[in-house]
1. Would you pick out the residues in the range 1-31 that are open to solvent by 10 Å² or more (accessible area, probe 1.4 Å) and farther than 27 Å from PRO71 by Cα?
2. Looking at this structure, is GLY229 open to solvent by less than 40 Å² (accessible area, probe 1.4 Å), of a type outside the set (Asp, Glu) and without any contact (Cβ under 8 Å) to a residue 40 or more places away in the chain?
3. Collect the residues in the range 408-438 that are farther than 17 Å from ARG453 by Cα and either polar (S, T, N, Q) or open to solvent by 50 Å² or more (accessible area, probe 1.4 Å) (or both), keeping them in residue-number order.
4. Under 7 Å by Cβ, and 6 or more places apart or on different chains, what pairs join a residue from the range 310-325 that is over 28 Å from VAL21 (Cα atoms) with one that is surrounded by 17 or more Cβ atoms within 10 Å (Cβ to Cβ) and among the hydroxyl-bearing types (Ser, Thr, Tyr)?
5. Just wondering, is there one or more residues in the range 95-102 that are modelled with pLDDT of 95 or more, surrounded by fewer than 20 Cβ atoms within 10 Å (Cβ to Cβ) and not in a helix (DSSP H, G or I)?
6. Looking only at the range 574-605, count every residue that is of a type outside the set (A, V, I, L, M, F, W, C), exposed (fewer than 14 other Cβ atoms within 10 Å of the Cβ) and more than 25 Å from GLU620 (Cβ to Cβ) and tell me the total.
7. Go through the range 580-608 residue by residue and tally those that are more than 16 Å from LEU633 (Cβ to Cβ), assigned to a strand (DSSP E or B) and out of contact with any Asp or Glu (no Cβ under 6 Å at 6 or more places or on another chain).
Amino acid sequence: MSKDFKRYLITSALPYANGPVHIGHLAGVYIPSDIYTRYLRLRGRDVISVCGSDEHGVPITIKAKKEGITPQQVVDRYHAIIKESFEKLGISFDIYSRTSSPVHAETASAFFRKLYDEGKFVEQTTEQFYDEEAKSFLADRYIVGTCPKCGAEGAYGDQCEVCGSTLSPDELVNPRSTLSGATPVKRETKHWYLPLDQYEQMLREWILEGHKEWKSNVYGQCKSWLDGGLMPRAVSRDLDWGIPVPVEGAEGKVLYVWFDAPIGYISATKELTPDWEKYWKSEDTKLVHFIGKDNIVFHCIVFPSMLKAHGEYILPENVPSNEFLNLEGNKISTSKNWAVWLHEYLVDFPGKEDVLRYALCATAPETKDNDFTWKDYQARNNNELVAVLGNFVNRALVLTKKYYDGEVPACGELTDYDRDTIAELSSIKASLESNIENYRFREALKDAMNFARIGNKYLADSEPWKLIKTDAERVKTILNIALQITANIAIAIEPFMPFSAAKILNMLACEKFGWEQLGAMNLLAAGHHIGEPSLLFEKIEDDVIQKQLDRLEEIAKQNKAAEVKAEPQKAECSFDDFQKMDIRVSTILEAEKLPKTKKLLKLTIDTGIDKRTIVSGIAEHFSPEELVGKQVLVLVNLAPRDFKGITSQGMILMAEDATGALRLLQPNEKTNAGAMVG
């Protein structure tokens with residue numbers, strides 16, 4: 001039986017401040033969270049939504065080291081980018097905080113200290129890798145070596161990014177420190193651990209018996225962890241960036257980021273309101289965590305164990321988690337720049353914030369991994385937002401402006417078709433509410449769009465532009481109903497497309513409606529004057545989309561080039577062998593394709609010592625016209641060979657790049673033909 005709650009606390013996974021936010025983050029966490037929060041606000045619920053930047057951990061220190069700046073400079077940069085991007089997309093957090101804030105440091109330290117003082121941790125001394133030159137213990141990401149699974153160089157101590165295998169530093173072949181390049185040694189170090197095994201029974205009862213309604217991916221992953229048996233997990237680590245462990249004898253140790261980060265939800269709430277405790281410590285509060293599937297274990301196993309160990313906090317009522325969103329058929333990768341970055345999208349597509357929100361909600365990976373493509377984005381904009389939603393709103397407003405000078409006409413006697421349409425509209429509300437409250441946002445979006453679909457059909461069937469000539473009174477009723485549907489659309493789409501909802505209200509010249517008014521057909525009084533109609537959405541042309549596809553194609557080429565390994569060195573040759581090769585700067589005088597061949601070009605070359613013919617298999621890479629006049633390097637004393645009855649005297653020197661394209665080897669500056677290379 002569902003419980004009635006007095007208030008709601010919505011948290012969204014803290015984005016890691018070592019890079020900007022991309023569409024995978026938005027589809028997985030932040031758009032679903034915002035839809036749910038906006039819906040609750042429309043219903044008049046007491047709700048707050050908190051988030052903030054996760055600013056501690058090894059990846060940030062690695063990025064700072066690579067760029068030659070401090071970790072604080074790294075997080076300051078990305079915190080600002082992320083916060084501004086969220087605001088521009090209309091993600092309506094009540095607070096967007098950060099874990100480098102003084103309030104968070106105080107909150108996290110006090111949380112640790114309470115558990116420490118009550119003996120909730122266990123101390124363990126273990127051997128960990130240590131860099132004797134840098135005089136520092138090494139986190140897994142500070143150790144690289146050869147992957148034992150695929151043989152790739154540069155595998156990290158926790159994962160090989162080539163084959164994707166999860167690793168431990170002990171498994172690496174020829175491990176070395178990224179700090180100094182030295183081979184690390186093992187040294188003893190003491191840390192504090194949260195004994196998750198002690199909370200296993202509590203977690204089983206709470207999740208497996210008490211929350212069978214959770215999404216199957218969340219419930220299944222929790223069951224898998226619990227069935228596998230839980231082990232103590234370290235809450236501290238040897239690092240100089242983070243919140244210092246607040247006990248004596250812990251110099252050089254900080255709170256492990258997985259322990260530190262979720263406490264950020266609590267500290268953000270403390271920053272937001274002095275009444276923060278009623279949201280975190282009252283059973284009348286519904287706590288909901290919105291996360292991606294890579295965070296399920298932390299929010300369903302680890303953080304609840306922390307909260308239970310503390311003893312004063314409520315546990316989450318639900319943890320809706322989505323799967324992963326791919327991009328153009330490939331996994332989104334921040335390290336490979338294979339992503340659509342939010343801050344770049346906002347520059348490239350000004351005024352189209354709601355288009356992205358719509359497209360990502362419509363393709364959200366709610367039950368399985370899904371794929372974002374630019375063509376689908378374009379189709380949803382042109383075929384759904386423009387042709388359905390925008391078209392209906394525009395027709396209703398423009399016809400009202402044309403026939404009644406913008407005054408809402410009175411509704412006359414209803415026909416059976418009118419009543420059937422109104423009944424169909426009113427039936428949507430229950431489905432829309434159920435889908436949102438059960439975190440089925442893709443289905444909820446379809447419900448919201450159904451108001452526009454029904455409205456379009458109503459106008460198309462009623463044809464007021466024809467009836468105005470024969471039955472003007474009937475047109476008043478038709479347009480009154482169309483305007484009431486438009487007002488309903490402003491309510492229904494607000495959680496999904498807040499900018500468009502506000503634009504509709506502006507065109508209707510009315511204030512924001514409450515959710516309880518959804519389905520009503522008297523939202524606009526007869527005689528009310530609407531504002532000026534304008535297009536709600538604009539068509540996106542093919543060239544705009546092609547520009548994005550071209551960008552991704554270039555990134556794919558760069559990634560492919562980065563993955564290509566150089567061919568192994570050939571057998572050693574003597575200086576005398578090298579001296580035998582006569583390489584000359586030469587000029588291509590003529591070029592033509594050899595008939596009945598795909599690859600061969602016949603070239604006339606000025607070598608400086610003579611003019612000769614060379615046959616080269618480069619026709620698939622160069623046209624004859626672009627070669628004439630170019631200077632190239634030619635091995636002129638290569639033994640002649642016959643091709644299709646033509647004797648070739650020499651070889652043009654080429655290089656093949658990572659994409660398989662051939663490149664001419666040329667002198668940097670034009671020089672005389674016949675100049676020797678050596």
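1. Answer for the range 1-31, where residues must be open to solvent by 10 Å² or more (accessible area, probe 1.4 Å) and farther than 27 Å from PRO71 by Cα: MET1, SER2, LYS3, ASP4, PHE5, LYS6, ARG7, TYR8.
2. So GLY229 fits the description; yes.
3. ALA410, CYS411, GLU413, LEU414, THR415, ASP416, ALA430, SER434, ASN435, GLU437, ASN438
4. Short answer, once both residue conditions are applied: ILE314/THR285.
5. We begin by selecting, within the range 95-102, every residue modelled with pLDDT of 95 or more; these are 95-102.
Imposing the further condition that a residue be surrounded by fewer than 20 Cβ atoms within 10 Å (Cβ to Cβ) reduces the set to 95, 101-102.
Checking which are not in a helix (DSSP H, G or I) leaves us with 95, 101.
Within the range 95-102, one or more residues are modelled with pLDDT of 95 or more, surrounded by fewer than 20 Cβ atoms within 10 Å (Cβ to Cβ) and not in a helix (DSSP H, G or I).
6. Total meeting the criteria: 5.
7. Residues meeting the conditions: 5.
Conditions tested, residue by residue: (1) within 20 Å of SER100 (Cβ to Cβ); (2) in contact with a Lys or Arg (Cβ under 6 Å, 6 or more places away or on another chain); (3) at pLDDT 95 or above; (4) assigned to a strand (DSSP E or B).
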| site | (1), (2), (3), (4) |
| --- | --- |
| LYS223 | no, no, yes, no |
| LEU226 | no, yes, yes, no |
| ARG237 | yes, no, no, yes |
| TRP241 | yes, no, no, no |
| PRO246 | yes, yes, yes, no |
| ALA250 | yes, no, no, no |
| TRP258 | yes, no, no, no |
| TYR265 | yes, no, yes, no |
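The values are calculated or read from the model by the stated rules, or taken from the named source; none is laboratory data. Since the model is a prediction, treat every value here as computed from it, not as a measurement. A quick note on method: Cβ atoms are made from the backbone with ideal geometry, for glycine too, and the neighbour counts reach across all protein chains shown. All accessible areas refer to the heavy atoms of the entire protein, side chains included, with ligands and DNA or RNA removed. Shrake-Rupley method; radii C 1.70, N 1.55, O 1.52, S 1.80 Å.
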